[in-house]
Amino acid sequence: MSDRDTRHQQAMRKLKSHVDEKVANATEQRGLLLVFTGNGKGKTTAAWGTVTRALGYGYKVGVVQFIKGLWECGERERLVEDANLEVAIMATGFTWDTQNREADTQACQAVWADAERLLADPDVYLVVLDEITYMLKFGYLDIATLTRALNNRPSEQTVIITGRNAHRELVEMADTVTEMQEVRHAFNNGLQARRGIDF
Ligand code: ATP
Ligand code: MG
């Protein structure tokens, strides 16, 4: 064996023992809280990817979209045919252009009622709260209400929270936090959001 091969084999052996140790240490089983935050692209896409993954095993999934429709969404179009998926979308009120505090709060509270029901249902394996971080930021929903529902949820249920500037308390209580870092975004170079890619 060449020196290079020997070094490679040693490195692989070390890596394997490292991974084996981590696998052996991961013994707890329960639902998780995941937060996908940061300014870069990919938060909602990653959430829908996980939804697809869970549906693939036949689990029940609830997706709550906290910004009026975040407009079109290709994943929703495709996956909504799955009887195991429930989607609740903020019906009226909040969009980026109509900032009417009272109407927005009402719209938020209405869709939050769906979220609360999903967060209390032990048959629901995964709940996505898409763009909910903005509801906290604008004061349409309070953090205590959200953390209470998260803490009281069924132990096997996983929740994904997406949106920029995630509240510190959410980051602290989450099991997995990913910050999407923007290195570059096409939009800032005058490129339009693309159907089937950006939404
Ligand atoms: P995506 O839905 O593509 O996963 P996201 O959820 O991470 O994006 P949001 O802040 O929710 O990002 O943005 C919603 C829309 O804005 C999407 O069409 C997305 O592609 C686009 N977008 C995401 N990040 C940026 C950015 N840094 N600058 C401009 N547009 C962005
Ligand atoms: Mg998003």
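The values are calculated or read from the model by the stated rules, or taken from the named source; none is laboratory data. Owing to the predicted nature of the structure, the values given are computational and were not obtained by experimental measurement. Heads up, the Cβs are rebuilt from the backbone with ideal geometry, glycines too, and the neighbour counts pull from every protein chain shown. Keep in mind that these areas ignore ligands, DNA and RNA; they rest on the heavy atoms of the full protein, side chains included. Shrake-Rupley method; radii C 1.70, N 1.55, O 1.52, S 1.80 Å.
Observations
- Computed over all pairs of different Cα atoms, the Kirkwood value for the hydrodynamic radius of region 31-181 is 15.3 Å.
- A cut-off under 14 angstrom between Cβ atoms defines the neighbours of Gln29, and their net charge, with Lys, Arg +1 and Asp, Glu -1, is -2.
- 20 Å cut-off, amide nitrogen to a point 7 angstrom out along Asp82 Cα→Cβ, residues in region 180-199: 196-199
- Proximal lysines to Lys43, defined as alpha-carbon separation beneath 29 angstrom and excluding residues fewer than eight positions away on the same chain: Lys22, Lys60, Lys68, Lys137
- Derived scalar couplings ³J(HN,Hα) [region 184-199; Karplus, 6.51 cos²θ - 1.76 cosθ + 1.60; whole Hz; x for Gly, Pro]: 7, 9, 3, 3, 6, 10, x, 8, 5, 4, 10, 4, x, 10, 9, 7
- Here the Karplus relation 6.51 cos²θ - 1.76 cosθ + 1.60, evaluated at θ = phi - 60°, turns the backbone of region 30-45 into coupling constants of 6, x, 10, 10, 10, 10, 10, 10, x, 8, x, 6, x, 5, 5, 4 Hz, with x for every Gly and Pro.
- Sorting 187-199, 72-84, 122-134 by average packing, meaning the other beta carbons within 10 Å per residue, from highest down gives 122-134, 72-84, 187-199.
- When Rg and the Kirkwood radius Rh are both evaluated on Cα atoms of region 86-157, their ratio Rg/Rh stands at 0.98.
- Note on the chain: with a GNM built from Cα contacts shorter than 10 Å, the maximum mean-square fluctuation among Gln106, Gln181, Gln157 falls on Gln181.
- Rounded to two decimals, the Cα-based Rg/Rh of region 109-199, with Kirkwood Rh, is 1.03.
- Dipole check for region 31-181: with +1 at the C-beta of Lys and Arg, -1 at the C-beta of Asp and Glu, and the Cα centre as origin, the magnitude is about 280 Debye.
- The listed peptides 14-20, 52-58, ordered by packing as a protection proxy, come out as 52-58, 14-20 (highest mean of other Cβ atoms within 10 Å first).
- Scalar couplings 3J(HN,Hα) for region 118-130, obtained by applying the Karplus form with A = 6.51, B = -1.76, C = 1.60 to θ = phi - 60°, are 5, 6, 9, 9, x, 7, 8, 7, 9, 10, 10, 10, 7 Hz; x denotes Gly and Pro.
- Rounded percent of accessible protein surface that carbon and sulfur make up, the chain, 1.4 Å probe: 49 percent
- Take the chain with all the other protein chains still there, run a 1.4 Å probe, and you get 63 Å² of accessible area per residue.
- Rounded to 0.05, the FRET efficiency of the Glu72 and Thr178 pair, given R0 = 25 Å and the Cβ-Cβ distance, is 0.55.
- Considering only Met12, Met135, Met90, the mean-square fluctuation computed in a Gaussian network model of the chain, springs between alpha carbons under 10 angstrom, is largest for Met12.
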